[in-house]
Amino acid sequence: MIKPVDYEELEKYVKVGKNIFFFTADWCGDCHFIKPKMSEIEKAHAEYTFIEVDRNRFLDLAIHWGIMGIPSFVAIENGKELGRYVDKFRKTKEQINSFIDGL
């Protein structure tokens, strides 16, 4: 999983490629619940690049994209949003796989 260090790097992934943005934070218990399963999710969906976005570090982007609950997922291909799985509830591996399969 790629962890951008600044907005400039993050913007590159928004504009180019087929990417899943995984919004998370260190203090988020539900994020810690799903993180151990993320490598399996990535392997199952190798057509996507997964980008881990620290909601606190990139708060302006989270607000701009309407990411209020975490963990949340936004799929973007070459600057166009394909779909999002954004809510305040804990997500399971099966739910995330189902979201990505439905894109």
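Just so you know, all these numbers are worked out from the coordinates, no wet-lab data involved. In this text, all values refer to a predicted model and were calculated from it rather than measured experimentally. All Cβ positions, even for glycine, are placed from backbone atoms using ideal geometry, and neighbour counts span all protein chains on display.
Ignoring lysines fewer than eight residues from K15 along the same chain, the ones with Cα atoms less than 20 angstrom from its Cα are K3, K80. Remark: spin-label model distance E94-I63 equals 3.8 nm, labels positioned 7 Å along the Cα→Cβ axis. Relative contact order for the chain: 35 percent, from Cα pairs under 8 Å spaced at least 6 residues apart, divided by residue count.
Of the residues T24, I67, I34, the one whose Cα sits farthest toward the positive end of the charge dipole of region 7-101, with +1 on the Cβ of Lys and Arg and -1 on the Cβ of Asp and Glu, is I34. In region 15-56, which chymotrypsin sites (Phe, Trp or Tyr not before Pro) are in a loop and have at most 16 other Cβ atoms within 10 Å, using DSSP for the loop call? Answer by residue number: W27. Semi-axes of the equivalent ellipsoid of the chain are 18, 17, 12 Å, computed as sqrt(5λ) over the eigenvalues of the C-alpha gyration tensor in descending order.
Of the GluC sites (Glu not before Pro) in region 1-59, the ones in a loop by DSSP (not H, G, I, E or B) with at most 13 other beta carbons within 10 Å are E47. Looking at the chain alone, DSSP beta bridges between its own residues are antiparallel in about 60 percent of cases.
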